[in-house]
Amino acid sequence: MSEHVARRYRATLVSHTHWDRAWYCTFQEYRIRLVRLIDHLLDILQSDPEYSVYMLDGQMSVLDDYLEARPAKAEALQAYCRSGRIQVGPWFVLADEFLVSPESLIRNLRLGRRLGEAYGGVVNIGYVPDGFGHIAQLPQILRGFGIDNAFFWRGMGVEGDQMGTEFIWRAANGDAVTAILMPWGYHNISNLGFAIHWGDTTQMAFDAPLAQRQIERAIERLRPMANTNALLLMNGIDHAEPEPRIPQVIKAANGQLEAVTIKQGTLLDHLANVRASGVALPEFEGEFRWGRYSEILQGVYSTRIHLKQQNHAAETRMERYVEPLTALAWLAGANVPEGTPDLVDLAWRWVLLNHPHDDMYGCGIDEVHHEMAYRFSQTRQIGEALIRDSVRQLARQIDMTAQAGMPVVAYNPSGQARQEVAEAVVDFDFDDPTADGFQVMNAAGEIVPHQIVSDEPLFWMEVLKPNRKRRITMLLPVEVPACGYTTLYVQPRSGGAVRQVGSLLISERGAENALLAFAIADDGSLTVTDKASGKQYSQLNQFYDSEDIGDAYSHCPFPESKPVTTVGKNVIVKLIEHGPLRATFAITYDFAIPKGLTADRSGRSEETIALPLTVEVSLAVGQPYVGIKTRIHNQAEDHKLTAHFPTGIKAEAAYVDESFMVAKRVLALPPSEGWVEDPTPLMHQRTFTDLSDGEHGLAVFNRGLPSVEVSEDGVIALTLLRAVGWLSRDDLWIRRIAAGPLVPTPGAQCKGDYTFEYAIFPHNGDWQAVYQAAHCYNAPLLAVRGDTRSGAGTAGDEHHPR
């Protein structure tokens with residue numbers, strides 16, 4: 001940072017609030033506070049022309065929530081926004097960047113900008129004040145919306161001491177923004193004139209000399225870190241109402257400060273001051289996920305894990321199936337209903353309403369997160385119906401005369417051609433005798449093998465249409481072009497020759513295809529062999545259960561933790577699927593863990609409780625990974641369950657799938673003396689984490705399990721479940737202070753049934769051999785019955801988008 005002693009500083013004081021839609025109170029209780037806040041703000045702006053501007057936290061949902069209760073205030077609110085005295089947007093909600101997909105961030109900004117049109121437009125500010133870290137590609141996303149800046153608080157590591165409060169943040173593709181670090185948060189002069197940093201001041205007397213001292217202290221802390229003569233003073237905090245005395249406070253402060261002039265203004269004003277200084281700013285490229293100046297709280301990646309799984313399912317449904325299939329139907333010439341794009345947007349809106357950071361973290365009171373289930377249900381209902389209708393619209397355009405029989409359309413949501421075994425859902429008419437004996441033929445007239453997974457009667461209703469069917473789920477080998485489809489045909493069995501599609505050998509405790517082999521040990525762990533290289537990995541998928549004396553924000557083990565493990569314990573192994581296309585074994589564990597903590601939380605209870613645990617291990621023809629589905633029934637409290645994968649690889653770094661990139665994460669933890677929160681191996685992932693030595697490697701894929709640790713001795717530890725009973729605590733040895741109110745959250749103990757899906761992928765080379773397979777695993781082929789009318793369409797049996 002530059003010398004600051006002789007400078008004349010320009011400080012911008014930004015009046016604002018930070019608005020969590022739901023957290024330690026319910027959404028509706030906060031909305032009552034919001035109505036009071038905005039009513040008060042409108043009164044201030046009307047009565048005091050010197051109160052120049054106020055920022056409504058960078059998210060348009062705040063206005064929606066207010067106007068739903070106070071629709072008569074729309075005209076006044078829009079007028080102040082158009083005049084610039086109220087600053088709104090650009091986001092719809094303030095989301096965490098890691099726990100939602102990058103496409104969700106784009107939709108978030110898109111919706112925010114659209115809603116801002118009625119208010120004269122949103123402010124082009126990359127305001128991300130309270131996310132628990134920041135993705136490396138955020139500059140590229142912001143630049144895509146014409147935003148050339150980012151204002152943030154959390155995530156700085158050792159680089160903070162070199163970057164200062166203003167620097168250039170560059171994405172991997174070269175896009176750059178001017179980044180403004182708020183090292184003491186979006187609230188460095190909150191509650192001016194009151195003796196509390198955060199809390200209710202309505203019954204307290206305003207103290208003008210105290211306000212002056214608070215401003216001076218904030219300036220003194222900022223100046224050593226400033227690269228320019230611009231300082232940012234943030235007058236606001238969570239759910240705080242506007243302070244009407246701000247113009248008078250500024251006048252008094254300017255009369256006493258010798259080297260600083262304060263002006264009430266906006267984040268854009270501060271940005272202009274930074275750029276007007278003419279100082280060449282340092283540059284940084286990468287992500288922010290450390291706790292140099294603030295808590296980073298990475299335990300949230302596994303808090304209430306079902307929320308992360310449901311969000312992953314919702315985002316995948318929208319990104320990989322709903323929108324591509326509606327577009328594909330339209331491209332094929334289907335008469336897609338005019339309202340379909342609006343319904344797609346509505347489904348996205350329901351997803352985004354679950355993305356405010358505290359909601360997605362799982363660190364609110366129980367009722368907050370119960371309400372998220374309803375929103376996920378709404379997006380699922382819309383999405384599933386649109387997928388069904390789009391497949392039907394597409395099918396009407398397909399020429400299905402190439403072969404006789406019931407057509408099955410297989411759709412590939414990926415950007416590369418795929419040849420693999422798909423799980424097809426075929427609904428036979430209830431009395432169709434073909435269901436009792438059939439064959440499947442491809443468009444070339446070849447009979448292909450199939451394997452029945454389930455066969456059940458089913459009744460459901462569509463609008464004006466009852467459905468009584470016999471649903472058979474089967475495995476089929478298919479070849480599907482990138483972002484396209486192919487058609488197969490179900491026919492009465494003829495006894496013809498079946499095309500051979502690949503090998504699958506099954507033994508008493510294992511299976512192998514042309515690429516891989518796996519074997520199940522006596523304790524249920526797996527040995528996986530990469531047949532191309534002969535490389536073997538053993539003791540994979542062992543389970544470790546450790547205590548967690550932490551809270552919704554932070555995992556906190558005992559300083560000397562002694563996990564309970566499945567290592568060395570006998571299991572029951574049963575073959576439940578026996579080819580010809582897939583083999584699956586069920587492994588049942590007799591696993592007991594401590595029921596909870598002792599009353600003083602200093603140890604685990606002596607009383608144990610069963611943790612029913614069943615693992616299904618699958619390998620299909622041509623499948624390059626071993627698929628795993630782990631089911632548990634949790635009744636224990638205050639613990640963390642992980643699956644371990646020792647790779648035997650001693651690598652400097654792990655490569656982790658992240659938003660629009662693969663992140664290199666050095667495994668040695670950085671020095672952290674003086675940090676607010678010490679670093680841990682815990683990190684976020686999207687579809688995979690990979691360790692390799694450049695020649696060989698092992699990756700672990702996952703579906704909606706974002707928490708992972710990688711140790712320097714080469715063990716990938718995938719967090720499956722974390723059970724805690726407090727929103728926050730103030731007695732954790734791994735953290736200096738409480739991260740929120742000390743509120744019990746029994747729902748965060750996550751009792752009940754859970755299913756976790758992940759896979760083991762051995763490979764040659766580095767992470768580049770992993771990427772496509774991991775993303776295909778996360779977006780399975782969709783195969784369903786395709787006939788909805790008689791006759792022929794105009795598209796072929798196989799479609800490659802132009």
Number of positions in region 454-489 that are open to solvent by 20 Å² or more (accessible area, probe 1.4 Å), more than 19 Å from ARG418 (Cβ to Cβ) and hydrophobic (A, V, I, L, M, F, W, C): 6
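Okay, residues lined up against (1) assigned to a strand (DSSP E or B); (2) among the acidic types (Asp, Glu); (3) farther than 19 Å from ALA395 by Cβ:
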| position | (1), (2), (3) |
| --- | --- |
| GLU456 | yes, yes, yes |
| ASN467 | yes, no, no |
| ARG470 | yes, no, yes |
| MET474 | yes, no, no |
| TYR489 | yes, no, no |
| SER494 | no, no, yes |
Every pair of residues 6+ apart whose Cβ atoms lie under 8 Å, when the first sits in region 296-319 and is in a helix (DSSP H, G or I) while the second is open to solvent by 40 Å² or more (accessible area, probe 1.4 Å) and among the aliphatic types (A, V, I, L, M): GLN310/ALA373
Residues that are touching a Ser or Thr at 6+ places or on another chain (Cβ under 7 Å), open to solvent by 40 Å² or more (accessible area, probe 1.4 Å) and of a type outside the set (Ser, Thr, Tyr), drawn from region 542-567: PRO563
Matching option when the condition is charged (D, E, K, R), modelled with pLDDT under 95 and out of contact with any strand residue (DSSP E or B) (no Cβ under 6 Å at 6 or more places or on another chain), among ARG31, ARG70, ARG7: ARG7
Count of residues meeting criterion [acidic (Asp, Glu) and over 26 Å from ILE365 (Cβ atoms)] in region 40-71: 3
Among residues of region 239-280, those that are buried (at least 19 other Cβ atoms within 10 Å of the Cβ) and among the hydrophobic types (A, V, I, L, M, F, W, C), counted: 10
For GLU446: the one exception among (1) open to solvent by 30 Å² or more (accessible area, probe 1.4 Å); (2) in contact with a Cys (Cβ under 7 Å, 6 or more places away or on another chain): (2)
Sole exception among (1) free of Cβ contacts under 8 Å to residues at least 60 places away in the same chain; (2) buried (at least 23 other Cβ atoms within 10 Å of the Cβ) for THR614, by number: (2)
Residue in region 396-415 that is farthest from LEU781 (Cα to Cα), counting only those that are open to solvent by less than 40 Å² (accessible area, probe 1.4 Å) and out of contact with any strand residue (DSSP E or B) (no Cβ under 6 Å at 6 or more places or on another chain): SER414
Enumeration of residues in region 348-384 that are among the aliphatic types (A, V, I, L, M), assigned to a helix (DSSP H, G or I) and either at pLDDT below 95 or more than 19 Å from ASN108 (Cβ to Cβ) (or both): VAL368, ALA373
Options VAL770, VAL784: the member that is modelled with pLDDT of 95 or more, open to solvent by less than 50 Å² (accessible area, probe 1.4 Å) and over 30 Å from GLN403 (Cα atoms): VAL770
Residue within region 311-332 that is touching a strand residue (DSSP E or B) at 6+ places or on another chain (Cβ under 7 Å), open to solvent by 10 Å² or more (accessible area, probe 1.4 Å) and within 13 Å of PRO413 (Cα to Cα) present: yes
For SER61: the one exception among (1) hydroxyl-bearing (Ser, Thr, Tyr); (2) buried (at least 21 other Cβ atoms within 10 Å of the Cβ); (3) over 27 Å from HIS270 (Cβ atoms): (3)
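The values are calculated or read from the model by the stated rules, or taken from the named source; none is laboratory data. Model, not experiment: these values are computed from the prediction. Methodologically, a virtual Cβ is constructed for each residue, glycine included, from the backbone with ideal geometry; neighbour enumeration extends over all protein chains shown. When the accessible area is computed, the model is the full protein with side chains, heavy atoms only, and any ligands, DNA or RNA have been set aside. Shrake-Rupley method; radii C 1.70, N 1.55, O 1.52, S 1.80 Å.
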